[in-house]
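Read through the structure below, which is laid out as structure tokens, and then see the notes.
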């Protein structure tokens, strides 16, 4: 799926020393797994719309 990075992203590249503790906290706290589960569930419902030009 195509994704564009921009300055107002809530979730994104997380580059830099300040982003590392935030990223680790989200990973350890289980938020990353939760976010992935939600995203996979939504994508499962939209599977028929994910044709090659849209992916």
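A short reminder: the numbers here are calculations on the coordinates, not readings from a lab. Because the structure is a prediction, the values reported are computed rather than measured. Here the Cβ positions follow ideal geometry from the backbone for every residue, glycine too, while neighbour counts run over all protein chains shown.
Modelled label positions at residue 18 and residue 42, each set 7 Å beyond Cα in the direction of Cβ, lie 2.6 nm from each other.
A full extension of the chain between residue 34 and residue 51 corresponds to an added length of 3.5 nm, given 0.36 nm per residue minus the alpha carbon distance.
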